[in-house]
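Before any comments, here is the structure.
The values are calculated or read from the model by the stated rules, or taken from the named source; none is laboratory data. For clarity, every value in this text was computed on a predicted model and none was experimentally measured. Virtual Cβ from ideal backbone geometry, glycine too; neighbours counted across all protein chains shown. The protein model used for the area step is the full one, side chains on, heavy atoms only, and it has no ligands, DNA or RNA in it. Shrake-Rupley method; radii C 1.70, N 1.55, O 1.52, S 1.80 Å.
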Amino acid sequence: MAELRRVAIVGSARIPFARAYTGYAEEGNLTMLGAALGGLVEKFNLKGEAIGEVMAGAVLAHSRDFNLAREASLDAGLSPRTPGTNVQIACGTSLQAALALGAKIATGEIESGIAAGSDTVSDSPVVFGNKFQHRAIALSRARTTGEKFKAFKGFSFGELAPVAPSTQEPRTGLSMGQHCELMARTWEISREDQDHLALKSHLNAARAYDEGFHDDLVVPFAGVLKDNNVRGATSLEKMAAMKPAFDKASGKGTLTAANSTPLTDGAASVLLASEDWAKARGLPVLAYLTMGQVGANDFAHGDGLLMAPTLAVSDMLRRAGLGFADIDLFEIHEAFAAQVLCTLKAWRDPVYNRDVLGRDEVLGEIDPAKINIKGSSLAYGHPFAATGARILGLTAKLLQTEQKRRALISVCTAGGMGVAALVERAG
């Protein structure tokens, strides 16, 4: 068997992330993903280039976008010989895509790949209920007038009520925010600590923009020039005035619109390749994608919906023979401030490490100065499937600008799952 090759991260491109119903109210997943991929094509002179595979997806997707990755690749100007594969693992979609492509590059199946994701709440698919849907199908198959009338036998106008997309977990009936409220209570995470973390995310993100960090990462689209959720002028006082968003009745709710990610539209992409492929085209290698791990837990029976990254990270570090002391930078997706704080507390809790992670010694404390130093999802926003690619692209550049050796990425997802990755600087 041939020796595994290193998986190079050449670079990334994304469109600005916009709060739902604002800048991209008239756009859809296909146009947004096409724009993100188009930015990558222009940045690395890939017009007409045959890429080994584009792997991308969306969580909130119309049936018309059944071939999203392929269509967006063609719209972006890549060669028609570039295959497109749709993937979806909720908020971990584009990071999972990068891991899958990385495995193909490492084994020599392909020389290059693009991992990407797009999501829009503004253009969410709205469908009818099952009863009317079945009537519509029966009508489409009817051949006689009698069959057409039969399809509407017993019809009531209530069947026309649309069914909007829901963030509720099918197994519990609770939204992600409601689940995170339960986690915050279990781990005794205060409202004040959540607000402090959210403020830090906004301030770090605003500083990153002021420093020009995002200048070569973000491609303007549809008149939007930068992420429109970053609040560099916010304060703890403003955050403290916000009312609970998910537990409005008990008087104990701690999650608010300020310390939770907003509903967001956007798309992001990352170019991966073998070193030889990049070298032949004179393209840079920022970093290497060295390892990944996907984890899942029994969230429906109390494990905590967004706690699965604790398992993924622990298992990945065990395989790598590494600990937190070996990591220079941590990029932890901020679905909610409480989720990050619960995760950090779990990693330093002896009982959790022993009983859940199967560790004799705790993973331990992480220096806050190493976590999300350019801000994260609380500030930038969270278009579900796009977040992993945003984080991976940012991480690769960050390792170079900070001249650090190794970074760890952790992304929680719906369904009680988590995706983790290790990235190492090139050079």
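To keep it simple, each residue is scored yes or no on (1) modelled with pLDDT of 95 or more; (2) closer than 15 Å to Gly253 by Cα; (3) among the charged types (D, E, K, R); (4) open to solvent by 60 Å² or more (accessible area, probe 1.4 Å).
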site	(1), (2), (3), (4)
Lys148	no, no, yes, yes
Val163	no, no, no, yes
His179	yes, yes, no, no
Arg185	yes, yes, yes, yes
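Ala72 falls short of the stated requirement of being touching a Phe, Trp or Tyr at 6+ places or on another chain (Cβ under 9 Å), open to solvent by less than 20 Å² (accessible area, probe 1.4 Å), modelled with pLDDT of 95 or more and hydrophobic (A, V, I, L, M, F, W, C).
Do we have any residue at all in region 262-274 that's part of a loop (DSSP other than H, G, I, E, B), at negative phi and open to solvent by 70 Å² or more (accessible area, probe 1.4 Å)?
The first filter runs over region 262-274 and keeps only residues part of a loop (DSSP other than H, G, I, E, B), leaving 262, 274.
In the following step, the residues that additionally are at negative phi were identified as 262, 274.
Keeping just the survivors that are open to solvent by 70 Å² or more (accessible area, probe 1.4 Å) gives none.
Looking for residues that are part of a loop (DSSP other than H, G, I, E, B), at negative phi and open to solvent by 70 Å² or more (accessible area, probe 1.4 Å), one finds none in region 262-274, hence no.
Could you tell me how many of the residues in region 248-262 are of a type outside the set (S, T, N, Q) and under 15 Å from Ala337 (Cβ atoms)?
So the answer is 5.
Give me a count of the residues in region 60-69 that are surrounded by fewer than 23 Cβ atoms within 10 Å (Cβ to Cβ) and touching a residue at least 40 places away in the same chain (Cβ under 8 Å). The number of residues fulfilling the criteria is 3.
Tell me the residue from Pro309, Pro368, Pro284, Pro350 that is under 17 Å from the mean Cα position of the chain (by Cα) and not aliphatic (A, V, I, L, M), please. Break it down stepwise before answering.
Values: Pro368 fails: under 17 Å from the mean Cα position of the chain (by Cα); Pro284 fails: under 17 Å from the mean Cα position of the chain (by Cα); Pro350 fails: under 17 Å from the mean Cα position of the chain (by Cα).
Step by step, each of Pro309, Pro368, Pro284, Pro350 is checked, and only Pro309 is under 17 Å from the mean Cα position of the chain (by Cα) and not aliphatic (A, V, I, L, M).
Taking Ser63 as the residue in question, decide whether it is under 15 Å from Gly28 (Cα atoms) and polar (S, T, N, Q). Reasoning before the result, please.
On the way: under 15 Å from Gly28 (Cα atoms): yes; polar (S, T, N, Q): yes.
Considered against the rule, which asks whether it is under 15 Å from Gly28 (Cα atoms) and polar (S, T, N, Q), Ser63 comes out as yes.
Please determine, by comparing only the residues of region 293-322 that are open to solvent by less than 20 Å² (accessible area, probe 1.4 Å) and of a type in the set (Gly, Ala, Ser), which one is farthest from Glu402 (Cα to Cα). Checking each candidate, the answer is Gly304.
Can you list the helices (runs of 4 or more DSSP H) lying wholly within region 328-415 that have 3 or more residues being farther than 21 Å from Leu311 by Cβ, of a type outside the set (Ser, Thr, Tyr) and open to solvent by 10 Å² or more (accessible area, probe 1.4 Å)?
Numbers: elements: 337-347, 350-355, 377-380, 387-402.
Fully inside region 328-415 and qualifying: 387-402.
Being under 20 Å from the mean Cα position of the chain (by Cα), without any contact (Cβ under 8 Å) to a residue 24 or more places away in the chain and not in a strand (DSSP E or B) narrows it down to one of His202, His214, so name that one.
Working: His202 fails: without any contact (Cβ under 8 Å) to a residue 24 or more places away in the chain.
Checking each option against the conditions leaves just His214.
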